[in-house]
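Here's the structure, in structure tokens; my notes come after.
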Amino acid sequence: MELAYYSDYAVRLVNTEEPARNKDALTSVEAVRELFGANQQAARRTTDADVTRFRSVRARLRAVFDAADGDDETLAVDLLNSLLLEFPVSPQISGHDVRDQDGRPDWHMHLADHPSNATAGYAAIAAMGLAFHLTEHGVDRLGLCEAAPCRNAYLDTSTNRSRRYCSDRCATRANVAAYRARKREEAERTGRSAETAQPSTAVTDL
């Protein structure tokens, strides 16, 4: 499994909350377990206490995206480093997949965690994955959706660093809103021009 895969852990956790809409999907043990995806062994360690702990880690991860979105590169790195120190991982070489007909292992790096609880395990993987993405592609590749009030986190993997929205749905919504705004401005300008072009009528007292 490539290290880049682990950066999605951070995005999934951050996007369980929509602050501008006052929505929070992280309200139960089941919701926390869903974040682990196929890693069911780690998910089974989740308890009620992890709900609160996950929310705390989520706030810290969002702060990394906020700093990156605000072009504060140093702050983003400092915040991420604090997570890496608090939630360390043990990188290991894994080969559980086969590569050819001879059955030779497909050796790759795997982040093995040995946490005291489910939150520590998830946080370690999410922080390491995000750190890998940041150092490999740059801080400006960590983004927050510009389609207000969304502000979901995303990782920009476009070739020209042009991504601005978390999804096609938000991109479409933002484009439609911009189109309507342009039409309103054009209508207002046309209306003002028509008023200016009308001749004034003098009123004469008899």
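The values are calculated or read from the model by the stated rules, or taken from the named source; none is laboratory data. These figures come from a predicted structure and were not determined experimentally. A quick note on method: Cβ atoms are made from the backbone with ideal geometry, for glycine too, and the neighbour counts reach across all protein chains shown.
Among the residues that make up segment 50-67, is at least one of them modelled with pLDDT of 95 or more, more than 12 Å from Ala118 (Cβ to Cβ), among the acidic types (Asp, Glu) and part of a helix (DSSP H, G or I)?
Within segment 50-67, one or more residues are modelled with pLDDT of 95 or more, more than 12 Å from Ala118 (Cβ to Cβ), among the acidic types (Asp, Glu) and part of a helix (DSSP H, G or I).
Arg33 is checked against (1) free of Cβ contacts under 8 Å to residues at least 40 places away in the same chain; (2) of a type in the set (Lys, Arg); (3) more than 24 Å from Cys166 (Cβ to Cβ) and fails just one. What number does that condition carry?
(3)
If you check Asp72 against the conditions, is it touching a helix residue (DSSP H, G or I) at 6+ places or on another chain (Cβ under 9 Å), touching a residue at least 60 places away in the same chain (Cβ under 8 Å), of a type in the set (D, E, K, R) and surrounded by fewer than 20 Cβ atoms within 10 Å (Cβ to Cβ)?
no
Can you tell me how many residues in segment 1-35 are farther than 16 Å from Val89 by Cα and outside any helix (DSSP H, G or I)?
Number satisfying all stated conditions: 11.
Can you tell me which condition Gln101 does not meet? The list is (1) farther than 18 Å from Tyr122 by Cα; (2) part of a helix (DSSP H, G or I), and all the others hold.
All conditions are met except number (2).
Check segment 126-134 and report whether any residue there is more than 29 Å from Val29 (Cα to Cα) and either charged (D, E, K, R) or surrounded by fewer than 19 Cβ atoms within 10 Å (Cβ to Cβ) (or both).
Within segment 126-134 (the criterion being more than 29 Å from Val29 (Cα to Cα) and either charged (D, E, K, R) or surrounded by fewer than 19 Cβ atoms within 10 Å (Cβ to Cβ) (or both)), the answer is no, since none of the residues qualifies.
Yes/no per residue for (1) surrounded by fewer than 16 Cβ atoms within 10 Å (Cβ to Cβ); (2) of a type outside the set (Val, Ile, Thr); (3) in contact with a strand residue (DSSP E or B) (Cβ under 7 Å, 6 or more places away or on another chain):
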site	(1), (2), (3)
Arg33	no, yes, no
Thr47	yes, no, no
Asp50	no, yes, no
Leu85	yes, yes, no
Val89	no, no, yes
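Which of the following residues is surrounded by 18 or more Cβ atoms within 10 Å (Cβ to Cβ), out of contact with any Lys or Arg (no Cβ under 6 Å at 6 or more places or on another chain) and aliphatic (A, V, I, L, M): Val57, Val29?
Val57
So Ala123 passes all but one of these: (1) assigned to a helix (DSSP H, G or I); (2) small (Gly, Ala, Ser); (3) at pLDDT below 90. Which condition number does it fail?
In the conditions (1) assigned to a helix (DSSP H, G or I); (2) small (Gly, Ala, Ser); (3) at pLDDT below 90, Ala123 misses (3) alone.
Could you tell me whether segment 141-150 includes any residue that is touching a Phe, Trp or Tyr at 6+ places or on another chain (Cβ under 9 Å), among the charged types (D, E, K, R), closer than 28 Å to Glu18 by Cα and assigned to a loop (DSSP other than H, G, I, E, B)?
Yes, some residue in segment 141-150 is touching a Phe, Trp or Tyr at 6+ places or on another chain (Cβ under 9 Å), among the charged types (D, E, K, R), closer than 28 Å to Glu18 by Cα and assigned to a loop (DSSP other than H, G, I, E, B).
Applying the selection to segment 68-87, what residues are in a helix (DSSP H, G or I) and over 28 Å from Asn117 (Cα atoms)?
If the condition is that a residue be in a helix (DSSP H, G or I) and over 28 Å from Asn117 (Cα atoms), then Ala68, Asp69, Glu73, Thr74 are the ones that fit.
Contact list please: Cβ distance under 6 Å, first residue in segment 129-142 and farther than 16 Å from Val14 by Cα, second residue part of a helix (DSSP H, G or I) and of a type in the set (A, V, I, L, M), pairs at least six apart or on different chains.
Phe132/Leu3; Val139/Ala68; Val139/Ala76
Just wondering, is there one or more residues in segment 110-119 that are at pLDDT 85 or above, hydrophobic (A, V, I, L, M, F, W, C), part of a strand (DSSP E or B) and surrounded by 17 or more Cβ atoms within 10 Å (Cβ to Cβ)?
Looking for residues that are at pLDDT 85 or above, hydrophobic (A, V, I, L, M, F, W, C), part of a strand (DSSP E or B) and surrounded by 17 or more Cβ atoms within 10 Å (Cβ to Cβ), one finds none in segment 110-119, hence no.
Output the number of the condition that Gly37 fails; it satisfies all remaining conditions of (1) modelled with pLDDT under 95; (2) closer than 24 Å to Ala148 by Cα.
Answer for Gly37: the failing condition is (2).
Out of everything in segment 4-25 that is surrounded by fewer than 17 Cβ atoms within 10 Å (Cβ to Cβ) and aliphatic (A, V, I, L, M), what residue ends up being farthest from Leu83 (Cα to Cα)?
Ala20
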